[in-house]
Each structure stands twice: as structure tokens, then as C-alpha cells.
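The values are calculated or read from the model by the stated rules, or taken from the named source; none is laboratory data. Just so it is clear, the structure is predicted and the values come from calculations on it, not from any experiment. Neighbour counts run over all protein chains shown; Cβ positions are idealised from the backbone, glycine included.
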Amino acid sequence: MKASFLLAAGLLLVSAANAEERLPELPRLATAPGDLSVIGISSGGYMATQLAVAWPERFQGVAVLAAGPWSCAQGGLGQALGQCMATRRGPPDLAGLNVHLRDYQSRGLVGEAEELAALRAFVWHGEADSVVAPSLGMALAEQLAGWLASPEEQLKVVQSPGVGHGWPIESNERIPHNQLAECRSGGGTHILACGMDVAGEALAWLHGPLEPAQAISSTQLLRFDQTPFDARGLGDAGYVLVPEGCESGGCSLTLALHGCGMTEGQIDEAFVRYSGLNEWAAANRRVVLYPQASPSLANPQGCWDWWGFAESTWQLDPLHDTREGTQIKALMGMIERLEEAAEEEE
């Protein structure tokens, strides 16, 4: 009897501990489907373009920091390293990538050309980037210009001298020094102390004039359970910033994608707290979704899947850069959850 009682008590304690550890689900916030953007850095920049090309009718705009052309890796890690980060294999073949795009469009794997032509796009690259060659950012800009209906009105390209690989911010006294990286050399958290507000510049280009940025409450940043959106390479938890008043619906949404080495497990909450997006979002009724990738043997740096590692090993041509991509499906699932209205309590 005593042993049974102790076993039952132990099970109750384990159950209580698991309940405490269980993360809340991603909330249903009835976000506005017509005002959706995606912004990403490095591998997150490649994924941002993959999302926008796969579903251009869903996105108003895409912002890409320190990344190269859409589908550059062509499903191969060697290609990714040799032509899409460095250019040892020569520059990307933009004409060939356009043929690839048209093939995908003919099979319904990405959005139609007319929908793609309507996007707004922002491209940024540091000229001192030693991780992803700056010429690759300009190749992306050239690629986008060939797709957009009016590039001079829809595309903004920014090159920053003396800035390395990472996400530049306007550093201030509220950000711990150990959460910042040096502007030119990068490394560390990849949050670059450059005195440059790329988040505000990108959002203003994609969505028009903004209300001035404002400080946020830490309670507005929710850590949620990502496991319902199962996909190879995703972490167990993600983050979402919910500005005051957005719980009742009608706010806009931006998806923010970290780069390699920038997951929660690698740099804690540096990216989700100090990117600069939150302050603009709080002032402009914009929810920010920060999904998290996860390091693995196939993906030791916790990158987003821009070369096909998350697809089936038997696929000769992985569909990671299409609507069928496992990570793209998961990310779109998160967006759709946020667009749903909250369930009414009985």
C-alpha cells in the first residue's frame, strides 16, 4: 500500500512538472491576411524569398538581408557553399533559375508570374560581408527586378560600406553589450552594432509610413509550442510578439526568420528581443512571428532549409523551395493559425 501511494505521488509530481513545462499554443489572433510580410537574414533571407515565391498572393512584401538569389542552391549543399555563399563556382545562373521558376509555375508548385510581379521587395547587404558574398545580394536584386512589374517603384536595394554579415541595428543602452556583435566583423549573435535601423527601413518600404517606434513590454513576447507544426529542422518552441490590442484581431503580421547560428539554443533570445522589429511593431499594430529552426547532424548551424536537407533523402530534386517544402508548409501553417479568429468561450 505504501509503495503504491509513493508511486502515485511520484506520478502526480511528474505530471505537474510536465504541465509547468508545457508551452502555450500559438494563439489565434485574426491577423489581417492582406497585410503580410516576411523578412529574413542569411539562411532566413533565402527562406523568405522561397516563401514569397511559393505564395506571392499571400504576401505584400519580402525583405532579404545578406542572402543571394531564389533557389540558388538547386538542392545541393556543394552548390550552396560554392555558388550561393562564396562564388568559387562562378556567379549564379539567373537565366537558368528563371527556367527553373517557369517549370515550377507550370506544375503549380509556386505562385503565378502575375502575383509575383505585384510584390514589394527590400534587399540589404553589407559590403564587408565575408560569409555571403555581397555580389550575391546584388544578383538577388537583379533577379527580383526581372520579376517585378515596376522595379523602380517596388524594389529598394541598400548596400552598406564597412558592414559585415548579420542584422544591423541602432544599438542603445537597453541592449546588453554581450548581445551585440561588432559591425564589420560580425560573429557572436550576428546582431550588429552599426547605428543602422534596417528593421524600420525595411518595414517602411514594404508597408508605407510608420508611426514612431516605441518601447515594448516583455510580457508581449510569447514563447509558444512549435511541435504541432511538425517539420524536419524546426525547434520545439518559437516566439511571437503580440502588441497591446492585437489579441482582439485586425492587426498586421510580419514573419521574421533568423539566420544560421541565431536560434534560441545558440544565442538565447537575442534576435527575438533586439532585432528592432518589436518596437516598430508595437507602435504600428503588427504582430511579429519568430519561428525557430534547430541544429542537427544534417544542419549543425540551425539554418533554415534553403538547399534541401529537410526533404526526403530519396528525392533527386527536393521541393524545399516550393509549396510542397516541409518547412514552407510548417511556416504557412503558423501564419494560417495566426489568421484564425479566437474560439469563443462557451
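Out of the residues in the stretch 293-307 that are part of a loop (DSSP other than H, G, I, E, B) and crowded, with 23+ Cβ neighbours inside 10 Å, state the one that is farthest from the chain's Cα centre (by Cα).
Trp307
Quick check on Gln79: is it at pLDDT below 95 and polar (S, T, N, Q)?
Spelling it out, Gln79 is indeed at pLDDT below 95 and polar (S, T, N, Q).
Give the residue that is farthest from Pro291 (Cα to Cα), with candidates limited to residues of the stretch 198-236 that are outside any loop (DSSP other than H, G, I, E, B) and of a type in the set (Val, Ile, Thr).
Val198
Quick check on this structure: which one of Asp103, Asp93 is within 22 Å of Val62 (Cβ to Cβ), among the acidic types (Asp, Glu) and surrounded by 15 or more Cβ atoms within 10 Å (Cβ to Cβ)?
Asp93
What's the total number of residues in the stretch 112-128 that are surrounded by 23 or more Cβ atoms within 10 Å (Cβ to Cβ) and closer than 15 Å to Gln159 by Cα?
6
Take Gly208 and tell me if it is closer than 19 Å to Val38 by Cβ, free of Cβ contacts under 8 Å to residues at least 60 places away in the same chain and of a type in the set (Gly, Ala, Ser).
When the stated conditions are applied, Gly208 passes them.
Name the residues in the stretch 46-59 that are over 15 Å from Leu155 (Cβ atoms) and outside any loop (DSSP other than H, G, I, E, B), would you?
The answer is Tyr46, Met47, Gln50, Leu51, Ala54.
Given the criteria modelled with pLDDT under 95, under 26 Å from Pro295 (Cα atoms), surrounded by fewer than 23 Cβ atoms within 10 Å (Cβ to Cβ) and not small (Gly, Ala, Ser), does Pro176 qualify?
Spelling it out, Pro176 is indeed modelled with pLDDT under 95, under 26 Å from Pro295 (Cα atoms), surrounded by fewer than 23 Cβ atoms within 10 Å (Cβ to Cβ) and not small (Gly, Ala, Ser).
Any idea how many residues of the stretch 60-97 are over 25 Å from Val158 (Cα atoms), touching a residue at least 60 places away in the same chain (Cβ under 8 Å) and assigned to a helix (DSSP H, G or I)?
Looking only at that region, the number is 2.
If I filter the stretch 326-346 down to residues being small (Gly, Ala, Ser) and over 15 Å from the mean Cα position of the chain (by Cα), which single residue comes out as modelled with the highest pLDDT?
Ranking the qualifying residues of the stretch 326-346, first place goes to Ala341.
Mind counting the residues in the stretch 258-284 that are part of a loop (DSSP other than H, G, I, E, B) and over 20 Å from Glu201 (Cα atoms)?
Within the stretch 258-284, residues that are part of a loop (DSSP other than H, G, I, E, B) and over 20 Å from Glu201 (Cα atoms) number 6.
Pick out the one residue from Ser160, Ser217, Ser185 that is surrounded by fewer than 20 Cβ atoms within 10 Å (Cβ to Cβ), closer than 17 Å to Arg273 by Cα and of a type in the set (S, T, N, Q).
Only one candidate passes the filter, namely Ser217.
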